[in-house]
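The values are calculated or read from the model by the stated rules, or taken from the named source; none is laboratory data. In this text the structure is predicted, and so the values were computed from the model without any measurement. We place every Cβ from the backbone using ideal geometry, glycine too, and count neighbours over all the protein chains shown. The accessibility values were calculated without ligands, DNA or RNA, using every heavy atom of the protein model including side chains. Shrake-Rupley method; radii C 1.70, N 1.55, O 1.52, S 1.80 Å.
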Amino acid sequence: MTSQTPRRVTVVGIGAIGLPMALRLASAGLEVTGVDPFPGPREKAADAGLRAEESAVSAATADAVICMVATPDQLRAAVLGEDGLVASMRRGATLVVMSTVGVAPVEEVAAAAAAAGIGLLDVPVTGGVARARTGELTLFASGDPLLLAAHRDLFAPMGRIRGCGPTPGRGQAMKAVNQLLASVHLVAAAEALAFAEALGLDPADAFEAVSGGAGGSWMLSDRGPRMLEGLDAEVTSTIGIFVKDAELVCAAAEEVGFDAPLVAAARDRFLAAAGAGLLRRDDSQVIRTYRAPDDRAPEDES
């Protein structure tokens, strides 16, 4: 670690990806505190040896605060509220937005942080739970180049930086491109395996046959086994996350006047999954929207 590397780090949002990120930082020798309003994630953090708290009290003394919340509204509440991070963080500290929330919310938060003397880096991530655990995430980083350079050793335990420019929000724009592909590829993988079923093929055989060929994709290789596993597959990213992300991509496309029919179709498929009661199930279960109603799980969530 260099002398510039933050030593005290607060991670707000220690869910499926936030917790392994926090644990990677702790294993690198940083003083890390996780924050989550729900007891379940805090209990998992404690079981893994990570200090956790219900509200971000530790942010007041942190050198850097990482936000891994799920939605734009959660980001605004965490940062801009009366007791939010802008009000509690010390001047000279750095706020790092690593959530996928879209360009406008990050620009809004960046302006408030600057007015409070707080640095801001926009660094959304991709790679899922598996790569969060191994420290192989891709980090779409934007913000002041000098500030980013001072935090490179903070990011190193989590993954590899892809520079996206000096303006906060550019990282979110690059993540939108990534999520267009991720949304479409995930739904295409589900459609392909469901198509195999409709053709009378064993979907497991189809997965093995095509996943390593020209028709394969990272999403098929990663999500395909969980599609085959069924409704009780481990939840590493929910249908709800892709409802949010695909909506963000569609909104960004509409804002710049770009026709994006493929991601719009993928968004509609995730919305159908949510409407079928699968909002909090693993995103692989979007495959169930391709099956006859009698083959789907009963609605269990709203």
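Percent of Cα-Cα pairs per 10 Å bin, from 0 to the last occupied bin, for segment 233-291, please list those.
26, 49, 21, 4
Once you place label points 7 Å from the Cα toward the Cβ at residue 77 and residue 280, how far apart are they in nm?
In this crude label model, residue 77 to residue 280 measures out at 1.5 nm.
Quick one: work out the % antiparallel among DSSP beta bridges in segment 27-147, nearest 5.
For segment 27-147, the DSSP antiparallel bridge percentage is about 20.
Normalised by the residues of the chain, what does the relative contact order come to in percent, with Cα pairs under 8 Å and at least six apart?
13
Can you give the Rg/Rh ratio of segment 84-178, where Rg is from the C-alpha atoms and Rh is the Kirkwood radius?
0.96
Using all Cα-Cα distances in the chain, what percent lands in each 10 angstrom bin from 0 up to the longest?
Computed distribution, short to long bins: 6, 27, 33, 22, 9, 2, 0.
Does segment 1-109 come out rounded, prolate or oblate, given a ≥ b ≥ c as the square roots of the eigenvalues of its C-alpha gyration tensor, rounded meaning a/c under 1.5 and, failing that, prolate meaning a/b above b/c?
oblate
For the full complex of protein chains and a 1.4 angstrom probe, list 238, 289 by accessible area with the highest value first.
238, 289
Can you give the three extents of the C-alpha atoms in segment 130-177 along their principal axes, from longest to shortest, in whole Å?
29, 27, 10
Note the per residue figure in Å³ for the convex hull of the C-alpha positions in segment 38-83.
In segment 38-83, the Cα hull volume divided by residue count equals 94 Å³.
Which percent of the accessible heavy-atom area of the chain goes to carbon and sulfur, probe 1.4 angstrom?
Answer for the chain is 54 percent, counting heavy atoms of protein chains only.
Run through segment 1-84 and list the GluC sites (Glu not before Pro) located in a DSSP loop whose Cβ has at most 16 other Cβ atoms within 10 Å.
Passing sites in segment 1-84 are 54, 82.
If we restrict to alpha carbons, what Rg and Dmax does segment 152-302 come to, in Å?
For segment 152-302, the Cα-based Rg and Dmax read 16.7, 52 Å.
So how do 244, 44 rank on accessible area, 1.4 Å probe, biggest first, that is with the largest at the start?
Solvent-accessible surface, decreasing: 44, 244.
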